[in-house]
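Following: one structure in structure tokens, then a few remarks.
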Amino acid sequence: MALPAPARLFHDQRFVVIDKAPCLPVHPGPSGGPSVEDIFPELSRRKDGPWLAHRLDAGTSGCLVIALRKAALIAAQALFASGAVRKTYWAVVEGAPNGTDGTVSAPLRRASDRTGWRMVADPGSAQPAITDWRVLGTGGGLTWLELRPRTGRTHQIRVHCAMLGAPILGDERYGTGGGGMHLLARSIHLPLDPPVDATAPPPPHMLAALAQCGYPNRQSR
């Protein structure tokens, strides 16, 4: 089945930033199925590339950077590795964190058992994981958060929200699940010359919960 073409939030000769749909993996899974890589032939006819410059969880929607040239990929990967890329996420969470803003600093490691795997906090881990957060709105037992990860660990934002006592709405692994995960890669900035800037709109499944928390009246990038 052909995938509908995603919206292009940014496009030049080096990069495309697409608005990734929720529940769409970036890579094909072990049993197949659609993925972001299926649309690569539509983005470039070159024999080398395109390439994913970074990753998003399948359930996360929004800004996904795809490199169209090898030199662009190397430059982007260096920026991601150094923490120079500015990423902003929106999440609707269950309950509310303590306060209106703050920082979670909790190293993570992967833990596995008979039910599968998940990321857990581990103070002894050598890999730091830091997320800045602030409340943008509340309503009906939900909270709309802006999150700015300083690092890029697997499931970092999802685990850190759960550690705040406010798991992301619809997160089946770290929350209660159901209705799709309410996590949006809202905007991204790569400080290149020229820079790469993109902003994604909230996906349809997040709109009702966001409206309950005051969106768009309290909208903030």
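Each value in this text was obtained by applying a stated rule to the coordinates, not by laboratory testing. Note that the structure is predicted; figures quoted are calculated from it, not measured. Positions of Cβ are backbone-derived with ideal geometry, glycine not excepted, and every protein chain shown enters the neighbour counts.
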So how far apart, in nm, are the two label points at Arg8 and Asp48 if each is 7 Å from Cα heading toward Cβ?
-> 2.2
Tell me the label-point distance for the pair Arg109, Phe40, using the 7 Å Cα-to-Cβ offset, in nm and rounded to one decimal.
-> 3.4
Of (1) 8, 33, 36, 20, 3, 0; (2) 8, 34, 38, 17, 2; (3) 7, 32, 34, 19, 7, 0, which is the value of P(r) over Cα pairs in 10 Å bins from 0, in percent derived from the coordinates here?
-> (1)
Qualifying lysines (Cα of each under 17 Å from Cα of Lys47; at least 8 residues distant if same chain) = Lys70
Would you work out which of Gly59, His11, Val36 lies farthest towards the positive end of the dipole of the range 1-103? Charges go on Cβ: Lys and Arg +1, Asp and Glu -1.
-> His11
Most mobile of Arg46, Arg148, Arg134 per a Gaussian network model of the chain (Cα springs, under 10 Å)?
-> Arg46
Report the residue, chosen from Arg55, Arg14, Arg114, that carries the largest GNM mean-square fluctuation when the chain is represented by alpha-carbon nodes joined by springs under 10 Å.
-> Arg114
Only Lys, Arg, Asp and Glu count, each charged at its Cβ (+1, +1, -1, -1), so figure out the dipole size of the chain about its Cα centre, rounded to 20 debye.
-> 420
Ratio of Rg to Rh over the range 25-84 (Cα coordinates, Kirkwood Rh, two decimals) | 0.98
Once the in-chain neighbours fewer than 8 apart are removed, the lysines whose Cα is under 16 Å from Lys20 read Lys87
What relative contact order, as a whole-number percentage, does the chain give when Cα pairs under 8 Å and 6 or more residues apart are counted?
-> 21
Percent antiparallel among DSSP beta bridges with both residues in the chain, to the nearest 5?
-> 95
Determine ³J(HN,Hα), in whole Hz, for all residues of the range 161-169 in sequence, where each value follows from phi through the Karplus function 6.51 cos²θ - 1.76 cosθ + 1.60 and θ = phi - 60°; x replaces Gly and Pro.
-> 4, 4, 5, 6, x, 9, x, 5, 4
Along the dipole axis of the range 79-201 (charges at Cβ: +1 for Lys and Arg, -1 for Asp and Glu; origin at the Cα centre), the most positive-end residue among Pro107, Ser125, Tyr174 is Ser125
